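A short write-up of the structure that comes next.
The values are calculated or read from the model by the stated rules, or taken from the named source; none is laboratory data. What you see is a predicted model, and the numbers here were worked out from it, not measured in a lab. Note that we place each Cβ from the backbone using ideal geometry, even for glycine, and neighbour counts take in every protein chain shown. Side chains included, ligands, DNA and RNA excluded: accessible areas come from the protein's heavy atoms. Shrake-Rupley method; radii C 1.70, N 1.55, O 1.52, S 1.80 Å.
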Amino acid sequence: MMDWNKDVEDAREFVDSLKTDVFEERVYVFTPKGDIIELPAGATPIDFAYHVHTDVGNRCAAPR
């Protein structure tokens, strides 16, 4: 990461580069309690529900 930092001109460019290169394949979800859940890119709300608990996923339904 330190070598990578040498290749960028300023801090903003470094942070932007870090966001796209490191976090590109992950999705981060905040729970109501403030916990952070890490899921693969392309994950859906149903994936999140099953991550919380199988019963939550099993009871997940689309709004009518």
### Message
Restricting to region 39-64, give me the number of residues that are of a type in the set (A, V, I, L, M, F, W, C), surrounded by 14 or more Cβ atoms within 10 Å (Cβ to Cβ) and assigned to a helix (DSSP H, G or I).
### Response
3
#### Entry: Neighbours by Cβ (under 7 Å, 6+ apart or cross-chain): first from region 1-28, under 30 Å from Val52 (Cβ atoms); second modelled with pLDDT of 75 or more and open to solvent by 80 Å² or more (accessible area, probe 1.4 Å)
Arg26/Glu38; Tyr28/Ile36; Tyr28/Glu38
### Residue satisfying condition, being modelled with pLDDT of 90 or more and of a type outside the set (D, E, K, R), within set Leu39, Leu18
Leu39
### Task
Any residue in region 38-62 that's within 19 Å of Glu25 (Cβ to Cβ): show its pairings with residues that are at pLDDT below 90 and open to solvent by 90 Å² or more (accessible area, probe 1.4 Å) at Cβ separation under 8 Å, as long as the two are six or more apart or on different chains.
Glu38/Tyr28; Leu39/Tyr28; Pro40/Glu25; Ala41/Glu24; Ala41/Glu25
